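So the structure is just underneath, and the comments pick up after that.
The values are calculated or read from the model by the stated rules, or taken from the named source; none is laboratory data. This structure is a prediction, so every number in the text was calculated from the model and none was measured. Positions of Cβ are generated from backbone atoms using ideal geometry, with glycine treated the same way; all protein chains shown enter the neighbour counts. Surface areas here come from the heavy atoms of the whole protein model, side chains and all, with no ligands, DNA or RNA. Shrake-Rupley method; radii C 1.70, N 1.55, O 1.52, S 1.80 Å.
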Amino acid sequence: MLGLKPTQASDFGRYQLIDIRPALERYSGMGFVAGSICLPRSNELDTDATTLQRITGGKIPVLVCLTGHRAHGLALALAQTVELPLGYLDGGLFAWNAEGLPLAGLRLVDEPHAPLSAAEFETMLHTRLSALLTTQPVDTREPVERVLERCMLSAERPLRCYGSHELRTLLDMLAVVLLELGVPRRPISDLLDQLVSRLPSAWHQDARVR
């Protein structure tokens with residue numbers, strides 16, 4: 001299994017990028033790599049493995065997500081069933097954007113809502129996450145604070161003190177934790193879409209194509 005840097009993964013003659021994010025996240029956030037295939041991860045690893053083998057066309061598949069966390073985890077799981085080389089984009093789309101590589105499809109779905117202040121965003125995150133945890137027909141009764149604690153990069157700082165990259169990484173890790181708790185992918189995708197679209201305006205800078 002290969003952890004590829006963006007400059008390596010941009011060799012499109014050798015690698016086929018597979019965007020495993022939910023469609024709403026792919027088309028409403030910071031964009032996607034042109035030529036990448038949208039293949040949201042399923043809960044059936046055998047299905048994912050079969051699909052990867054069918055669509056790569058002889059190229060090495062490289063899984064892509066926002067920060068690399070989800071792609072790395074799925075690559076580890078698929079490595080047990082996929083009989084071909086498999087990679088993931090180390091650092092995800094944030095690393096791709098940081099290298100100045102192009103992104104397409106910036107916010108194709110709806111216009112973002114008016115941005116919130118950092119404090120308002122923190123309140124919104126707690127409110128929406130609490131609603132999600134209490135409405136899903138699964139055992140997700142963990143308090144919001146405990147769920148966020150599992151995702152925090154530094155528990156000693158309040159969310160409003162996080163930088164743009166840290167906060168977006170936190171949201172990506174939040175998606176992973178919610179999946180582990182058994183929350184279906186569509187509600188998680190909707191939650192991420194709502195949160196990303198309300199990031200304070202200063203935090204949108206990292207999402208712009210350079």
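For this structure, a couple of remarks:
- Taking the numbered list (1) out of contact with any Lys or Arg (no Cβ under 8 Å at 6 or more places or on another chain); (2) farther than 19 Å from Pro115 by Cβ; (3) buried (at least 17 other Cβ atoms within 10 Å of the Cβ); (4) modelled with pLDDT of 80 or more in turn, Ile188 passes all entries but (4).
Quick grid of which residues meet (1) of a type in the set (Asp, Glu); (2) in contact with a helix residue (DSSP H, G or I) (Cβ under 9 Å, 6 or more places away or on another chain); (3) closer than 30 Å to Gly58 by Cβ; (4) at pLDDT below 85:
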{"site": "Gly91", "(1), (2), (3), (4)": "no, yes, yes, no"}
{"site": "Val109", "(1), (2), (3), (4)": "no, yes, no, yes"}
{"site": "Pro112", "(1), (2), (3), (4)": "no, yes, no, yes"}
{"site": "Val147", "(1), (2), (3), (4)": "no, yes, no, no"}
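- When each of Thr169, Thr67 is tested for being part of a loop (DSSP other than H, G, I, E, B), open to solvent by less than 60 Å² (accessible area, probe 1.4 Å) and at pLDDT below 85, the lone residue that passes is Thr67.
- Within the stretch 30-46, the set of residues being open to solvent by 10 Å² or more (accessible area, probe 1.4 Å), assigned to a loop (DSSP other than H, G, I, E, B) and not basic (Lys, Arg) comprises Ala34, Gly35, Ser36, Leu39, Pro40, Ser42, Asn43, Glu44.
- The stretch 38-50: number of residues that are modelled with pLDDT of 85 or more and over 15 Å from the mean Cα position of the chain (by Cα): 0
- Checking each residue in the stretch 18-42 for being in contact with a Lys or Arg (Cβ under 8 Å, 6 or more places away or on another chain) and closer than 19 Å to Gln53 by Cβ picks out Asp19, Ile20, Cys38, Pro40, Arg41.
- When Leu76, Leu86 are screened for being touching a residue at least 40 places away in the same chain (Cβ under 8 Å), open to solvent by 60 Å² or more (accessible area, probe 1.4 Å), closer than 25 Å to Glu180 by Cβ and among the hydrophobic types (A, V, I, L, M, F, W, C), only Leu76 passes.
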